[in-house]
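Worksheet: the structure to be examined is printed underneath.
Coordinate-derived values only; no laboratory data. Nothing here was measured: the structure is a model prediction, and the numbers come from that model. Positions of Cβ are generated from backbone atoms using ideal geometry, with glycine treated the same way; all protein chains shown enter the neighbour counts.
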Amino acid sequence: MKEIIQEHRSRIRAIIKKITGSYNEDIEQDVYIKTWQNLDKYQESGKFKQWISAITANVCRDYFKSGAYRHSACSTSDDEVLENVAVAPKQELVLDARQRQKIILKAVDALPSKLRQVVVLFEFEEWTYEQIAKKTGVPVGTVKSRLFNARKILSEKLQFLKGE
């Protein structure tokens, strides 16, 4: 397990930072625990790097659903809330990186399962079209089409974020 940690630490930390907006040691530790617990389930047919990346992405998503995240997100002081409000013509709330990330992940989670699966594999786990096609059992063209449609839906749902 020590070798796995040493070999994949930087990748795991990068994924955590990419998904959550900041490094979180608790999430990293959860990734190592889940990896250790499921090591016997790993199938040699795939790349270990992708497998551990998928575990990391899942742990990050679980974190956003957890009480620990809700507690930390709700424990902001009035001063912090006031710092986040921009005095602009439209009086819009300026979203920090964590809030933006949470909104984006919720939008991804709301996608139909076939579209969500392709987005997660392509964008978060950095799989190729061919790898996704093989995993899902659909042609590469279908993968590209699903990714296009998912991006279109996300673009419409998240249009308000583009103005920031």
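Using 22 Å as the Cα-Cα cut-off, could you pick out the over-long pairs in 102/135; 49/106; 49/134; 17/135; 65/152; 2/65?
Going by Cα-Cα distance, 102/135; 49/106; 17/135; 65/152; 2/65 fall outside the 22 Å limit.
Listed highest first by mean packing, meaning other Cβ atoms within 10 Å per residue, what order do 103-111, 120-128, 137-145, 3-11 come in?
The packing order, highest mean first, is 120-128, 103-111, 137-145, 3-11.
For the pair residue 14 and residue 47, how long in nm is the line joining their label points, each one 7 Å along Cα→Cβ?
Going from the residue 14 label point to the residue 47 one covers 1.1 nm.
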